[in-house]
Amino acid sequence: MDIGCHLPTQGPVATREALLTFCREAEHRQIASLWVSDHVIFPRTATGRYPGGRFPFAPDTPYLEPVAVLAAAAVATTRPRIGSSVFILGHRHPVVMAKMLTTIDALSNGRLVCGVGVGWWEEELTILDAPFHRRGRQADEILRVFKELWTSDHPRFAGEFYRFDDVGFAPKPVQKPHPPIWVGGDSPGAFRRVVTLGDGWHATSKSPAELAASLDRLRATADAARRPFETIALSIRVALRHALTADARQAVVDQLSAYKALGLTHVMLDFRRDSLGEMLEILELVAKEIRPAVDRV
């Protein structure tokens, strides 16, 4: 099971120096992947609920734009995969987003993982002119737009939200037929999106028991769609919010080992802090203690 890490993208560490240093140190420690999350603007109210609990950042927290961050990570590294956990599909026009993702795939020489979701924050999506109550249908259409632009020599599309006819779109992605699409969420609609439009499922903030139950539902959805379950990449994002004492490190090892036993192929650890030094200390613990212990299971 591969282990990746979230990049420093917000707060006092939302700087060029911190980002490049973390990328360099993570690659040196053979971290499998580097990740971003997606917010553009922070309304001061939220009618929805953040996945996993309270949204962890204040509205005025500096927060780097994630597409630009992945472009920087693409040229700052050579080996780790780079991905999104997750890009909110309603945040950007899909033709522009498809071009940006293709560019990142080119700059990284084919290392992009495109994690996507529909989003939860109605106020943010409304500011960005996205139809919150139709965001599932919009997301399906956006993924089809991506695939049409990425794979067709003469892209054409006519949908509810987007239209174009016989356009030129180049270059195509380095990865064929396109970068892997990992769909976030665990609603019935999200699982249908995984099995019909995705290459993988990207879970968030689930205990091993909760994850096992969700995997059963995902398998049932795949079976109903006649999609072989083993063709779906399985991943999860895990927040490490507390100090990693010896007992806490063992708890993380136990948790990741349980995910591994359930068949997950990738875990992304989110240990964002206000101090780059603290993040680098945790990175060292992940590389020298946590990852080797999980590998031995």
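The values are calculated or read from the model by the stated rules, or taken from the named source; none is laboratory data. Source: prediction; values computed, not measured. Note that we place each Cβ from the backbone using ideal geometry, even for glycine, and neighbour counts take in every protein chain shown.
A few notes on this one:
- Check on Val118, within 27 Å of Asp2 (Cα to Cα), in contact with a strand residue (DSSP E or B) (Cβ under 9 Å, 6 or more places away or on another chain) and either buried (at least 21 other Cβ atoms within 10 Å of the Cβ) or β-branched (Val, Ile, Thr) (or both): yes
- Residues in the stretch 95-113 that are touching a helix residue (DSSP H, G or I) at 6+ places or on another chain (Cβ under 6 Å) and either buried (at least 20 other Cβ atoms within 10 Å of the Cβ) or of a type in the set (D, E, K, R) (or both): Ala98, Ile104, Ser108, Leu112.
- Residue in the stretch 235-243 that is assigned to a helix (DSSP H, G or I) and at negative phi present: no
- Subset of the stretch 271-294 (residues that are surrounded by 16 or more Cβ atoms within 10 Å (Cβ to Cβ) and among the basic types (Lys, Arg)): Arg272, Arg273, Arg291
- Scanning the stretch 208-230 for residues that are in contact (Cβ under 8 Å) with a residue 40 or more places away in the chain and closer than 22 Å to Gly119 by Cα, we see that the one that is surrounded by the fewest Cβ atoms within 10 Å (Cβ to Cβ) is Leu215.
- Condition check for Arg137: surrounded by fewer than 20 Cβ atoms within 10 Å (Cβ to Cβ), out of contact with any strand residue (DSSP E or B) (no Cβ under 9 Å at 6 or more places or on another chain) and basic (Lys, Arg): yes
- Pairs with Cβ under 7 Å, 6+ apart, first in the stretch 268-279 and closer than 14 Å to Thr204 by Cβ and among the charged types (D, E, K, R), second part of a loop (DSSP other than H, G, I, E, B) and modelled with pLDDT of 95 or more: Asp270/Leu240
- Among the residues making up the stretch 231-249, those that are surrounded by fewer than 20 Cβ atoms within 10 Å (Cβ to Cβ), farther than 22 Å from Thr221 by Cα and in contact (Cβ under 8 Å) with a residue 40 or more places away in the chain are Ala239, Arg241, Leu244, Arg249.
- Test for Phe22: is it touching a residue at least 12 places away in the same chain (Cβ under 8 Å), touching a Pro at 6+ places or on another chain (Cβ under 6 Å) and in a helix (DSSP H, G or I): yes
- Within the stretch 153-186, the set of residues being of a type in the set (Val, Ile, Thr), part of a loop (DSSP other than H, G, I, E, B) and either buried (at least 18 other Cβ atoms within 10 Å of the Cβ) or over 24 Å from the mean Cα position of the chain (by Cα) (or both) comprises just one member, Val167.
- Scanning the stretch 161-189 for residues that are among the acidic types (Asp, Glu) and touching a residue at least 24 places away in the same chain (Cβ under 8 Å) gives a single hit, Asp186.
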